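Just below is one structure, and these are the notes that go with it.
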2 protein chains.
Amino acid sequence: MKAWKNNPLALVEKNNTIAVISHVEPDGDSLGSLLGLGLALKKICGSVYIFINDDFPQKYKFLPGYKYITTYDNSHNMDFDFCFVLDCGDLQRLGYSQSILSRSQNTVNVDHHISNTEFGSINILQSDASSTCEIIYDLLEDFQLQLDVDIATCLYIGLATDTGNFVYDNTTAKTFRVAADLMNYNINLNDISYNLYQNKSINNIRFLGHILKHMEISSNGKIAMIMITNNLLEEYNVTINEIDSVINYARDIKGVEIAVMLKEIEGNQVKAGFRSKQEANVSTLAQKFGGGGHKKASGATIKGNVKEAREKIEKQIRIDLGW
Amino acid sequence: MKAWKNNPLALVEKNNTIAVISHVEPDGDSLGSLLGLGLALKKICGSVYIFINDDFPQKYKFLPGYKYITTYDNSHNMDFDFCFVLDCGDLQRLGYSQSILSRSQNTVNVDHHISNTEFGSINILQSDASSTCEIIYDLLEDFQLQLDVDIATCLYIGLATDTGNFVYDNTTAKTFRVAADLMNYNINLNDISYNLYQNKSINNIRFLGHILKHMEISSNGKIAMIMITNNLLEEYNVTINEIDSVINYARDIKGVEIAVMLKEIEGNQVKAGFRSKQEANVSTLAQKFGGGGHKKASGATIKGNVKEAREKIEKQIRIDLGW
């Protein structure tokens, strides 16, 4: 466990008003850390507000404490003693929630992204942590706050989802040790597995079948390309949020080094997701298109239709990597 | 850690000759425990033989110590002081290796199957262990044998594969704690993940696509049925061993309670695999066809062609569960 000289939880007072926020396009780690820390803070003080400004993803609605999540509205004229910003590398990723910061005395920035811009008045940054939930576990343990099954479940979700369920190389001995500790709070792994992995719609599965049959392999098998048009989504009656993980199937093919998923979005633009398997750096690739991310997972928005975006990407890879 | 009154490793002497064997149709836990214990025993005594009598599955050939595995041949006329039988519920599951037992002074039966028939002269049975590898980790730790990266890697493979990579409900706090300890021996999780999950042939992926598009859902969405003919395997140029995990996709569909995978085998027979998600007991179902297994994963061999087998199974489920 990391020893904290200045655990921000020690600064929180019983009569404080606190906001807990995270990045747009919520995922398992942002929601797990929002709710894990949010529920813990509720044990310390009375006025804790957990805000998200997107739709809450259907698949995470089983998370304990879900009912405490609200939408922030500037017209509420609320002021906060502390705003905890979780799992968010920079202020732009906060979207609308960014406006909360100007109404907060202190901004506590808790994150594991190596690119974090240290925008907080207090910054708790650990790029070797698997997930923000892993850092929050440390903070709570250091503060000797008694966890319960709900908090433990939320934190476990962050660990599990940000590591590809303990597959990606951000998984460490520490990650497994934290998972073991969380299991001791009687979290229901059966229920979690069911909700995360065993509850896929048949439309989703049929769509995946289509994608796997039709994805294109190029550059001597090193690039796998998935192209998704709105027509295809309509044909299978699925939404883009449900099928994000499809790109992992492309990456996991023998010989594939870079997987690309292209999705039509409004305004003659394409949202591109990139995954790399071993050596290729897709963070650099995404940056060429004005995007960003991690070495092995990144994204960008590209002008044009799916076919044009594909050509631009293949050309860029040819230039950068000679494939 | 379990405290062992009679750790069988303490009985092994330096000049002993030892066999280590496991069940037919090897999987990650049988191979991981064979090699994990085999490599450890080699540190105690000189003559350790690790036998399997099937082809070694291609996907596990990255396992450390793979080169030590040999095939047992009765004509060798070898005698053994100890035969360690790993991850094997009953003697029939040993196949040809069973003949080794009559040439062994002591049979040490190490297993986590609840149905284990206690066939050993020494029985180390822990049905609450995630995997046989988890039990072997305990035995080695209790014996204070210094693990190394190779042993740790083998044991990790058993933990990971028998728990569906820490998803199934045999995963416990203990399982995570053992995984954390194994990580401390510098096992290469990136390499393991690559070999287990990120190295699928494109044929395999195209085949999966076909299966997902065409699997049949019946009984108000509670049964998902996958039917695999030899023609289909030929069309996609895949072998049946490569695509066993396809059944999990069927189980993981929302509303599906029982997944069935039927595969044509020789002699006008069908090999049926069963998976259940929550309450249904597919061990009972498999027994109706002369097969067996766990509550949530079982199998049987059924007379007839794929279509006939399907009808028999649906009829049986109708009788047993009223679906």
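The values are calculated or read from the model by the stated rules, or taken from the named source; none is laboratory data. Just so it is clear, the structure is predicted and the values come from calculations on it, not from any experiment. Neighbour counts are summed over all protein chains in view; Cβ atoms, including those assigned to glycine, are modelled from backbone coordinates with ideal geometry.
Quick rundown of the values:
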| item | result |
| --- | --- |
| Positions within the stretch A:80-119 being under 18 Å from residue A:28 (Cβ atoms) and basic (Lys, Arg), in sequence order | A:93 |
| Only listed residue being within 10 Å of chain A (Cβ to nearest Cβ), assigned to a helix (DSSP H, G or I) and either within 23 Å of the chain's Cα centre (by Cα) or not aromatic (Phe, Trp, Tyr) (or both), chosen from B:208, B:233 | B:208 |
| Flag for residue B:246 being β-branched (Val, Ile, Thr) and at pLDDT below 95 | yes |
| Residue within the stretch B:143-162 that is at the interface with chain A (Cβ under 7 Å from one of its Cβ atoms) and of a type outside the set (Phe, Trp, Tyr) present | no |
| Boolean, residue B:223 is within 19 Å of residue B:261 (Cβ to Cβ), crowded, with 20+ Cβ neighbours inside 10 Å and facing chain A (nearest Cβ under 8 Å) | no |
| Residue match in the stretch B:271-280 (condition: in contact with an Asp or Glu (Cβ under 8 Å, 6 or more places away or on another chain), assigned to a loop (DSSP other than H, G, I, E, B), within 28 Å of residue B:161 (Cα to Cα) and of a type in the set (A, V, I, L, M, F, W, C)) | yes |
| Any hit, the stretch A:21-31, residues being buried (at least 16 other Cβ atoms within 10 Å of the Cβ), among the acidic types (Asp, Glu) and within 26 Å of residue A:240 (Cβ to Cβ) | yes |
| Residue ID - farthest from the chain's Cα centre (by Cα), chosen from residues in the stretch B:195-204 that are within 7 Å of another protein chain (Cβ to nearest Cβ) and not in a loop (DSSP other than H, G, I, E, B) | B:202 |
| Subset of the stretch B:34-80 (residues that are of a type in the set (Phe, Trp, Tyr) and within 17 Å of residue B:158 (Cβ to Cβ)) | B:56, B:60, B:62, B:66, B:68 |
| Verdict on residue B:213 being among the charged types (D, E, K, R), outside any loop (DSSP other than H, G, I, E, B) and crowded, with 20+ Cβ neighbours inside 10 Å | no |
| Single match in A:290, A:299 (criterion: part of a strand (DSSP E or B), in the same structural domain as residue A:208 (by TED's automatic domain parsing) and at pLDDT below 95) | A:299 |
| Residues of the stretch A:163-193 classified as crowded, with 17+ Cβ neighbours inside 10 Å, at the interface with chain B (Cβ under 7 Å from one of its Cβ atoms) and closer than 23 Å to residue B:255 by Cβ, total | 3 |
| Count of the stretch B:236-250 residues which are away from chain A (no Cβ under 12 Å) and among the aliphatic types (A, V, I, L, M) | 4 |
| Qualifying residue in the stretch A:260-278 (condition: in contact with a Leu (Cβ under 7 Å, 6 or more places away or on another chain), under 30 Å from residue B:191 (Cβ atoms) and in the same structural domain as residue A:211 (by TED's automatic domain parsing)) | yes |
| Residues of the stretch A:128-154 that turn out to be under 17 Å from residue A:7 (Cα atoms) and either assigned to a helix (DSSP H, G or I) or not assigned by TED's automatic domain parsing to the domain that holds residue A:183 (or both), as a count | 11 |
| Of the criteria (1) touching a Lys or Arg at 6+ places or on another chain (Cβ under 7 Å); (2) at pLDDT 95 or above, which one residue B:38 fails | (1) |
| Residue count for the stretch B:303-313, restricted to those that are under 13 Å from residue B:225 (Cβ atoms) and touching a strand residue (DSSP E or B) at 6+ places or on another chain (Cβ under 7 Å) | 5 |
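The rows are residues; the columns are (1) in contact with a Lys or Arg (Cβ under 9 Å, 6 or more places away or on another chain); (2) buried (at least 19 other Cβ atoms within 10 Å of the Cβ); (3) at pLDDT below 95; (4) more than 23 Å from residue B:47 (Cβ to Cβ).
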| site | (1), (2), (3), (4) |
| --- | --- |
| B:99 | no, no, yes, no |
| B:108 | no, yes, no, no |
| B:116 | no, yes, yes, yes |
| B:121 | no, no, no, no |
